[in-house]
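Trainee: What follows is a structure written as C-alpha cells; I'll ask about it next.
The values are calculated or read from the model by the stated rules, or taken from the named source; none is laboratory data. These numbers come from a predicted model, not from an experiment. Note that we place each Cβ from the backbone using ideal geometry, even for glycine, and neighbour counts take in every protein chain shown. The area values use the complete protein model at the heavy-atom level, side chains included, leaving out ligands, DNA and RNA. Shrake-Rupley method; radii C 1.70, N 1.55, O 1.52, S 1.80 Å.
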Amino acid sequence: MGVQKEERFSKGGFILSAIASAVGLGNIWKFPYITGEHGGAAFFLLFIICLLLVGLPLLLAELAIGRSSRASAASSFTKLGGGGRSWRIAGLLQVLTPFLILCFYVVVVGWTFHYAVLAFSGSLQAGTDFGGVFKQFIGGYMPIVWQAISMMLIGWIVVKGVSGGIERFNKILIPTMAVLLLLLMIRSVTLPGAGEGISFFLKPDFSQLTPESALVALGHAFFSLSLGMGILLTYGAYVDRRQSLGPAALAIGAGDLIYALIAGLIIFPTIFSFGIAPNEGPSLVFIALPAAFSVMPLGTLFGGLFFVLLAIAALTSAVSILEVPVAFAKEQWGWSRTKAVWTIAGISFLCGIPLAVSLGMRPDLGFLGKSLFDWIDFLTSNILLPVSGLIVTIFAGYYWKQAGEAAGLSARWFRIWLFMLRYIIPILMLLVLLHTSGILKL
C-alpha cells in the first residue's frame, strides 16, 4: 500500500486508536447484559481468561500481519503468503465483513445520539413506558435521520486521514470517554443499594457458570477486541516499524478490559439500586436504564452523560470499521481518500436504510422470524467474524514463515504463541463458530 507519512500512527496514537476500535457498544452495551445473563462475576473472570488465551494472541497476529504487509486487509494475506486464489478470497472477506457491519452498526450509532438528546432534554425521563418510547422511535423515520447524521460525522473524521483524523479524534474522545466513565461510576457505586450490584459483578459464584457461558465468554473476548473485522490488519499497516507489538497488544487488551470493568461498575450498581433484573438482555441499555435514570437524583444529567458516553463509544468503533474498506478502495482502485470515504459511506448508508426500517416500518423485509437487521447482524457476528478469526489463526500459525520475527517475540514466547495459534485457538474458535451459528447447542 506504500503507506505515506500522513497515513501512519504515532506510537501513542496507535494504541489509543486500537483501544478506541475495541471500546464500542460491545463493552458498554453487550458486555453488561451478557454478564448479567450468565451470572455476573464468575462470567467476568472467565472473560478475562479468554481474553488472555485467545484475544491477545490473535490481536498480536493481526497487527504483525498488517505491519509486515503494509497493505490493506484484502491484500495482506496474498502479499505475505505468496499469492493464491484462496488467500485472495480470505482477504476480501476481511473487507466485506466490516462493510456489512458498518451498514447496521451506524443505525445503532444513530440510536445512541437520539437517546443522548432525549436524555439531556429531560423528555426521556418524563414518561414511564420506556419500551413504548423505543418502539415508537424505531417505528418512524427518525432512525434514518440519525443514521445519516452519524454517517456524515464518521465520514468527516475518516476523510481527514489517519494521523489528522482518526488519531487526532481518538486522542480527544478516548480520554473524554474515560472521564465520563469515572464520573458515572462514582455516581453509580454511591447509590443506595449499590453494594448488591458491585457484589454481583465482582464476587464470583461459579455455580452460575454453564458450558454455554464459557463459549459466550470466549466469543465476546474475540469480538470485544475487534478481531476478525480487518481493523487491526489495517491499523497494523499504519504502525511504525519501531513500535514493539507485544507491549502494544498488552496495552490494547488492558485498555479494553478496564473500560469493560468500569462499564460493569456503572451498569450493575445502578440497576440493582433500582430493582432492575441484571438479565434484562439487549433491552438493558435502551429500556431498563432509562427507567433507573428517571427516578435517580439528577437523573437528567447522569442519563444524558451515559448516552453521550455510549454515543462516543459507538462512534470510535464505527470510525475504525469504515477505515477498512476505505484502505481497500485506495489500494485496489487508486481512489483518493475523499472519494473512497464518501463513496463507501454513501453506499453503506443506503444499504443501512432497509435494515433500519425492517425493525419498525417494514417488518415484512425480514424472514424466518428475524428482521433484515437481525439477519445481517447474525451473519456478520456469528458466521463471518469467527471464520475470519480462524483464517488469521491458520495463516499466522501454519503458512506465514516470518510470523515470529514480525511479532518481535523472544524464542520462548514465540513457541508459546505459535502453540496457541496452531493447536488451541483454532479448536476454541471452531467451537465458538459452531455455537454462534446454532449448530452446537448446550
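Trainee: Just the residues that are open to solvent by less than 30 Å² (accessible area, probe 1.4 Å) and in contact (Cβ under 8 Å) with a residue 24 or more places away in the chain, please, taken from the stretch 401-419.
Mentor: Ala403, Ala406, Ala407, Trp417
Trainee: If you don't mind, another one. Which numbered condition in (1) within 20 Å of Ile174 (Cβ to Cβ); (2) open to solvent by 10 Å² or more (accessible area, probe 1.4 Å) is the only one that Phe302 fails?
Mentor: The single condition Phe302 does not satisfy is (1).
This table checks each residue for (1) open to solvent by 10 Å² or more (accessible area, probe 1.4 Å); (2) under 20 Å from Val179 (Cβ atoms); (3) without any contact (Cβ under 8 Å) to a residue 24 or more places away in the chain; (4) part of a helix (DSSP H, G or I).
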site	(1), (2), (3), (4)
Val308	yes, yes, no, yes
Ala313	no, yes, no, yes
Ala318	no, no, no, yes
Ile321	no, no, no, yes
Ala329	no, no, yes, yes
Trp335	yes, no, yes, no
Ser348	no, no, no, yes
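Trainee: Filter the stretch 47-88 for residues that are in a helix (DSSP H, G or I) and among the charged types (D, E, K, R); which is least open to solvent (accessible area, probe 1.4 Å)? Let's see the steps before the verdict.
Mentor: Within the stretch 47-88, the first condition is being in a helix (DSSP H, G or I), and the residues that meet it are 47-69, 76-81, 85-88.
With among the charged types (D, E, K, R) added as a condition, the list becomes 62, 67, 79, 85, 88.
On the way: Glu62: 1, Arg67: 27, Lys79: 119, Arg85: 189, Arg88: 67 Å².
Selected residue: Glu62.
Trainee: Of a type outside the set (Gly, Ala, Ser), out of contact with any His (no Cβ under 9 Å at 6 or more places or on another chain), closer than 28 Å to Ile138 by Cα and buried (at least 20 other Cβ atoms within 10 Å of the Cβ) - does that describe any residue in the stretch 385-400?
Mentor: yes
Trainee: Out of curiosity, is Phe43 out of contact with any strand residue (DSSP E or B) (no Cβ under 7 Å at 6 or more places or on another chain), over 30 Å from Gly236 (Cβ atoms) and either surrounded by fewer than 18 Cβ atoms within 10 Å (Cβ to Cβ) or of a type in the set (A, V, I, L, M, F, W, C) (or both)?
Mentor: Answer is yes for this residue.
Trainee: Then there's this: Is one or more of the residues making up the stretch 397-417 basic (Lys, Arg), within 26 Å of the chain's Cα centre (by Cα) and part of a helix (DSSP H, G or I)? Let's see the steps before the verdict.
Mentor: Filtering the stretch 397-417 down to residues basic (Lys, Arg) leaves 401, 412, 415.
Filter once more, so that each one left must be within 26 Å of the chain's Cα centre (by Cα): none.
The answer is no, given that none of the residues of the stretch 397-417 is basic (Lys, Arg), within 26 Å of the chain's Cα centre (by Cα) and part of a helix (DSSP H, G or I).
Trainee: In a loop (DSSP other than H, G, I, E, B) and open to solvent by 10 Å² or more (accessible area, probe 1.4 Å): is that true of Gly131 in this structure? First the steps, then the outcome.
Mentor: Numbers: in a loop (DSSP other than H, G, I, E, B): no; open to solvent by 10 Å² or more (accessible area, probe 1.4 Å): yes.
In short, no.
Trainee: Among the candidates Val179, Val162, Val117, single out the residue that is within 26 Å of Ser358 (Cβ to Cβ) and modelled with pLDDT of 85 or more.
Mentor: Step by step, each of Val179, Val162, Val117 is checked, and only Val117 is within 26 Å of Ser358 (Cβ to Cβ) and modelled with pLDDT of 85 or more.
Trainee: Do we have Pro175 as in a loop (DSSP other than H, G, I, E, B) and either open to solvent by 20 Å² or more (accessible area, probe 1.4 Å) or free of Cβ contacts under 8 Å to residues at least 40 places away in the same chain (or both) here?
Mentor: Numbers: in a loop (DSSP other than H, G, I, E, B): no; either open to solvent by 20 Å² or more (accessible area, probe 1.4 Å) or free of Cβ contacts under 8 Å to residues at least 40 places away in the same chain (or both): yes.
For Pro175, the condition - in a loop (DSSP other than H, G, I, E, B) and either open to solvent by 20 Å² or more (accessible area, probe 1.4 Å) or free of Cβ contacts under 8 Å to residues at least 40 places away in the same chain (or both) - is not met.
Trainee: Name the single residue that is nearest to the chain's Cα centre (by Cα) among those in the stretch 62-89 being of a type in the set (Gly, Ala, Ser) and over 18 Å from Gln402 (Cβ atoms).
Mentor: This residue is Ala73.
Trainee: Something else: Against the conditions (1) modelled with pLDDT under 90; (2) open to solvent by less than 30 Å² (accessible area, probe 1.4 Å); (3) in contact with a Ser or Thr (Cβ under 9 Å, 6 or more places away or on another chain), where does Val432 fall short? Just the number, please.
Mentor: That leaves (3) as the condition not met.
Trainee: Another question, then. How about the stretch 361-376: which of its residues are open to solvent by less than 50 Å² (accessible area, probe 1.4 Å) and at pLDDT below 85?
Mentor: Gly366, Ser371
Trainee: Looking at the stretch 81-105, I want the residues that are of a type in the set (D, E, K, R) and have a partner that is open to solvent by less than 30 Å² (accessible area, probe 1.4 Å) and not in a helix (DSSP H, G or I) with Cβ atoms under 8 Å, at least 6 apart or on another chain. Which pairs are those?
Mentor: Pairs that qualify, where the first residue is of a type in the set (D, E, K, R) and the partner is open to solvent by less than 30 Å² (accessible area, probe 1.4 Å) and not in a helix (DSSP H, G or I), are Arg88/Ala74.
Trainee: For the stretch 369-390: of the residues being farther than 15 Å from Phe223 by Cα and assigned to a helix (DSSP H, G or I), which is farthest from the chain's Cα centre (by Cα)?
Mentor: Within the stretch 369-390, the match that is farthest from the chain's Cα centre (by Cα) is Leu372.
Let's see how each residue does on (1) surrounded by fewer than 24 Cβ atoms within 10 Å (Cβ to Cβ); (2) closer than 30 Å to Ala406 by Cα:
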{"site": "Ala237", "(1), (2)": "no, yes"}
{"site": "Gln243", "(1), (2)": "yes, yes"}
{"site": "Gly255", "(1), (2)": "yes, yes"}
{"site": "Ile262", "(1), (2)": "yes, no"}
{"site": "Pro269", "(1), (2)": "no, no"}
{"site": "Gly275", "(1), (2)": "yes, no"}
